[in-house]
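The values are calculated or read from the model by the stated rules, or taken from the named source; none is laboratory data. For clarity, every value in this text was computed on a predicted model and none was experimentally measured. Cβ placement follows ideal geometry from the backbone for every residue including glycine, while neighbour counts extend to all protein chains displayed. Areas reflect the complete protein model, heavy atoms only, side chains present, ligands, DNA and RNA absent. Shrake-Rupley method; radii C 1.70, N 1.55, O 1.52, S 1.80 Å.
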Amino acid sequence: MNSANDHDHPPLLSDSSDTDTDSDHGQSSSVLLRHTDLSDSIFKSYFEFISHGQSSATAADLSKIQSFLTSSSSGALSCLICLERIRPSDPTWSCTSLCYAVFHLFCIQSWARQASDLAAARVATRLPVTADKAAESATWNCPKCRAEYSKIQIPKSYVCFCGKLDNPPSDDPWVLPHSCGEVCNRPLKNNCGHYCLLLCHPGPCPSCPKLVKSRCFCGSLQDVRRCGYKEFSCNNPCSKLLDCGVHRCSEICHVGPCPPCRARGVFKCQCGQKKEERECCDRIFQCDAPCEKVLSCGKHICQKGCHSGECGECPFQGKRTCPCGKRIYKDIPCDAVVQLCGATCDKMLSCGYHKCPERCHRGQCIGTCRTVVRKSCRCGSLKKEVPCHQELSCERKCQRIRDCGRHPCKRRCCDGDCPPCSEICGKRLRCKNHKCPSPCHRGPCAPCPIMVTISCACGETHFEVPCGTEMDQKPPKCPKRCPITPLCRHAPNSKPHKCHYGACPSCRLPCEEEYPCGHKCKLRCHGSKPPPNPEFTLKPKKKKIIKQSEGVPGTPCPPCPEFVWRSCVGQHIGAERMMVCSDRSQFRCENLCGNPLPCSNHFCTKTCHALETLSSLNQLQGSERCEDCCLPCQKVRVPKCPHHCPQPCHPGECPPCKVLIKRSCHCGSMVHVFECIYYNSLSAKDQETVRSCRGPCHRKLPHCTHLCPHSCHPGQCPYPDKCSKKVTVRCKCQTLKKEWLCQDVQAAYHRDGCHPRDIPKNHFGIGLIPCNSDCKSKVQVFESELQLRKSQVTEEKAPEAGKPLPKRKRRRERIQEPSQSTKLQKIAATTKRLLLFVFLFVGLLAAVYYGYESLLWLNDWMNEVDERRHRRYSRIS
């Protein structure tokens with residue numbers, strides 16, 4: 001029964017990670033089930049119906065409504081124009097065309113007036129209309145979706161989202177801000193005749209949920225469906241009669257008219273001379289052969305291409321005229337050639353101003369009018385006689401400022417109608433993240449159209465805010481369960497908690513991790529914690545004081561604190577002492593060693609000491625060999641070896657050859673000497689083991705200046721970022737200093753975005769703590785001492801001024817001394833400067849005037865030369 005109940009009900013969520021939870025809830029809030037978002041239950045049926053494959057646009061509308069509701073209820077709405085937060089009491093206006101964005105009423109009014117006035121001014125300067133008509137037809141655009149509104153549609157009052165209530169109340173906690181709280185009742189899209197049934201809400205209305213009877217696209221199936229999705233396909237063949245009237249549509253039930261008939265067959269052309277295999281939709285076609293049927297006159301043939309029906313009358317029968325149309329001939333046979341009248345053609349040429357000067361002729365008139373006329377260029381700065389067909393343009397660049405008010409036109413020979421500016425605006429938008437991508441324009445730039453999504457840590461709860469306001473928004477509270485799995489050993493038994501920001505709460509269970517000695521840790525769990533999400537990490541309100549009975553999260557267990565009995569270094573019976581399990585210190589008793597010597601004939605008479613064999617097994621330090629037997633070994637070595645046995649008296653056979661081989665340890669601090677046979681008979685792994693000096697590693701860590709804390713080992717030093725040495729950390733002025741662990745210093749550098757190995761040795765740890773008032777006082781003391789030193793130096797130099805100077809130096813100083821001038825001399829110097837300035841100004845004006853006159857004279861002279869040249873050419877021709 002218990003397991004069934006646990007399966008039916010979701011587990012309780014803990015609120016220990018919610019830093020924004022009100023304090024009056026107390027501990028009872030951690031065991032209460034959290035409420036779910038009501039919008040999920042409201043839109044559940046809509047989303048389920050959309051998931052069957054109906055409309056992606058409706059799903060986007062519903063998501064937009066949910067996002068608007070979330071941001072409105074959480075107070076995250078922001079105005080795109082001023083980028084300020086929209087409070088529940090602020091008058092607002094929302095776009096009703098595409099984006100449904102919400103703006104401050106005052107902001108949108110000023111935006112609309114400026115945009116409409118600018119559009120009216122642009123129309124008045126570019127089109128021949130009055131300023132009043134231009135103002136009446138002026139429009140403005142929505143700052144986000146650029147939907148167009150007329151000047152009459154500038155909002156004048158504050159209404160709710162559905163538009164029924166003016167000045168909706170903002171003090172009702174049960175009503176959505178800027179909403180009237182009543183049924184929306186706006187007509188739904190597609191003009192179905194129904195109205196929105198939701199409460200007054202921001203954003204677009206969802207599709208119509210009414211149930212109606214409707215037929216599929218082909219009309220063969222009738223079904224009861226929601227009004228918003230009443231158009232559907234039955235997934236059967238359409239079977240509608242096609243335009244050909246013979247075949248039926250073979251496509252699956254589809255929207256719109258049926259495609260052209262693709263059935264193939266043999267069809268005749270319009271004249272009936274040729275047959276081709278074609279698709280039914282192209283059954284009416286024309287062949288390439290001419291008609292060539294004899295007309296009714298019996299003298300000419302039809303010049304038309306392939307056609308159906310009669311060829312018509314002969315085009316040469318009836319009244320006929322000469323090519324210029326001045327003389328009319330009657331009763332001429334259709335096969336007779338019309339004579340030319342001999343008069344001037346006088347047909348209008350292609351220019352539209354002059355007539356053809358040739359005699360009556362057959363065929364087209366000349367294509368280009370060669371009459372010499374006096375033309376002016378488009379900008380009006382050049383006038384010249386040129387042939388009528390030739391366009392005249394000068395090389396003068398237009399210097400008028402374009403509509404943007406920033407860039408000149410610079411178009412050659414501009415007619416005054418300067419095109420719009422083609423430059424990109426590029427001004428920094430108010431969001432301070434993007435630049436204006438629109439063409440260069442007057443007035444303020446449009447707001448940044450990008451919306452930033454702010455979501456909870458798991459991404460289930462989110463809303464959109466305008467770009468530039470995301471740093472001022474609080475992330476939404478999410479009632480979902482935190483998806484992060486704890487990293488400690490109690491993950492299967494940990495209590496679930498809500499979605500949150502920052503690191504997960506610490507585990508409250510006891511550690512109970514087993515030491516190598518067999519005891520268990522009795523502290524509170526201090527295993528590693530999952531890293532917090534860096535995108536939304538809230539700062540802690542208070543510093544948490546860690547008790548001694550608690551462990552720091554992410555740190556290993558402390559040394560074993562249990563008490564055990566431990567024997568002396570000589571392993572004598574009855575000399576044990578009670579010691580802490582983690583304390584590896586050694587002690588000696590007052591008994592004699594008593595161990596047999598290597599020769600197995602005598603016993604050691606030294607006081608208690610650690611034996612080499614026991615020290616290698618128990619890792620004891622300060623080992624000491626027993627005393628040696630003084631007699632030399634005289635045995636013959638087996639197998640034979642040229643070396644004599646170097647050992648003193650010993651039992652059994654002599655050891656193998658002990659020629660020493662030098663090998664350095666892994667850290668390079670010392671050199672090992674091994675026996676030849678012993679070292680070479682070992683495997684590679686055993687050689688690495690025996691080469692270790694078993695002392696501290698003397699290599700420097702790669703990320704700091706400290707030595708490796710581990711014992712001598714092969715390969716790279718492990719955990720270079722976990723150095724536990726102390727480092728003196730200073731402020732930037734090097735006044736304050738603290739002692740940090742090296743791993744904390746490295747972590748601080750990583751947080752600042754730089755690597756510790758890139759920091760110089762003499763700058764390691766400088767600038768990691770901020771300066772305080774002591775630093776400022778020290779700087780002031782230093783400046784006062786520096787000022788005092790300067791004053792002392794000047795006092796030392798002052799007595800030197802009384803000494804007599806040499807003649808050359810006195811003469812040089814006398815020359816360099818400024819001469820004192822009288823008032824009359826000053827007035828005279830000022831008058832000279834004024835006169836010189838007047839003369840220069842008058843000379844400059846004269847040079848500009850005569851230069852302009854000379855340019856005009858040169859222009860007239862060149863025009864006269866051109867006129868003479870044209871007259872000479874006209875006489876010659």
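Rolling a 1.4 Å probe across the protein heavy atoms gives region 210-304 an accessible surface of 69 Å² per residue.
Share of region 372-521's accessible area from carbon and sulfur, percent, 1.4 Å?
Working: 4340 of 9140 Å².
So the carbon and sulfur contribution to the accessible surface is 48 percent.
What do you get for Rg/Rh of region 328-409 when both radii come from the Cα atoms and Rh is the Kirkwood radius? Don't skip to the answer; put the middle values down first.
Values: Rg = 22.3 Å, Rh = 17.0 Å.
Computed over Cα atoms, the ratio is 1.31.
Dimensions of region 389-439 along the principal axes, based on C-alpha atoms and rounded to the nearest Å, stand at 55, 18, 15, largest first. For region 146-277, the calculated P(r) over all alpha carbon pairs, in 10 Å bins from 0 to the bin holding the longest distance, is 11, 21, 20, 16, 14, 10, 5, 2, 0 percent. Taking Lys and Arg as +1 and Asp and Glu as -1, the other residues whose beta-carbon sits under 12 Å from that of ASP331 total +3. For the pair LEU824 and GLU276, the difference between a 0.36 nm per residue extended length and the Cα-Cα distance amounts to 185.8 nm.
Modelled label positions at LEU836 and CYS394, each set 7 Å beyond Cα in the direction of Cβ, lie 4.1 nm from each other. What shape does region 449-538 have by the C-alpha gyration tensor, where a ≥ b ≥ c are the square roots of the eigenvalues, rounded means a/c under 1.5, and otherwise prolate means a/b greater than b/c and oblate the rest? Note, shape of region 449-538 comes out prolate. Which percent of Cα pairs goes in each bin when the distances of region 645-699 are cut into 5 angstrom slices starting at zero? For region 645-699, the pair-distance distribution reads 4, 18, 22, 20, 15, 12, 6, 3, 1.
Given a Förster distance of 56 angstrom, what is the FRET efficiency for GLU562 paired with LYS189, based on the Cβ-Cβ distance and rounded to 0.05? Mind dumping the intermediate values first?
Working: r = 76 Å, r/R0 = 1.36.
About 0.15, to the nearest 0.05.
For a test of the definition: using alpha carbon positions, the gyration tensor, and the 1.5 limit on a/c, classify region 662-758 as rounded, prolate or oblate. Cα axes put region 662-758 in the prolate bin. Ranking ILE366, ILE108, ILE573, ILE154 by solvent-accessible area of protein heavy atoms (1.4 Å probe, all protein chains present), from largest to smallest, gives ILE573, ILE366, ILE154, ILE108. In region 180-233, the convex hull through the Cα atoms has an average projected area of 3.9 nm², a quarter of its surface area.
Any idea what diffusion coefficient region 96-221 gets from Stokes-Einstein, in µm²/s, Kirkwood Rh on alpha carbon pairs, 4 °C, 1.567 mPa s?
Details: Rh = 17.6 Å.
Rounded to a whole number, D works out at 74 µm²/s.
What is the sum of charges around LYS240, taking Lys and Arg as +1, Asp and Glu as -1, for the other residues whose C-beta is under 14 Å from the C-beta of LYS240? Working shown, then result.
Numbers: positive: ARG215, ARG248; negative: ASP243, GLU251.
Net charge in that neighbourhood comes out at 0.
The simple spin-label model puts a point 7 Å past each Cα toward its Cβ; for PHE316 and ARG663 those points are separated by 12.0 nm.
For the pair SER220 and LEU197, a Förster radius of 45 Å applied to the C-beta separation gives a FRET efficiency near 0.90, rounded to the nearest 0.05.
When a/c reaches 1.5 or more, the comparison of a/b and b/c decides; with that in mind, is region 325-483 rounded, prolate or oblate per its Cα gyration tensor? Cα axes put region 325-483 in the oblate bin.
Over region 689-731, the reciprocal of the mean inverse Cα-Cα separation, the Kirkwood hydrodynamic radius, stands at 11.4 Å. Spacing of the modelled spin labels on SER773 and PHE267, each 7 Å from Cα toward Cβ, amounts to 9.9 nm.
Measuring between their Cα centroids, region 675-700 and region 376-398 lie 98 Å from each other.
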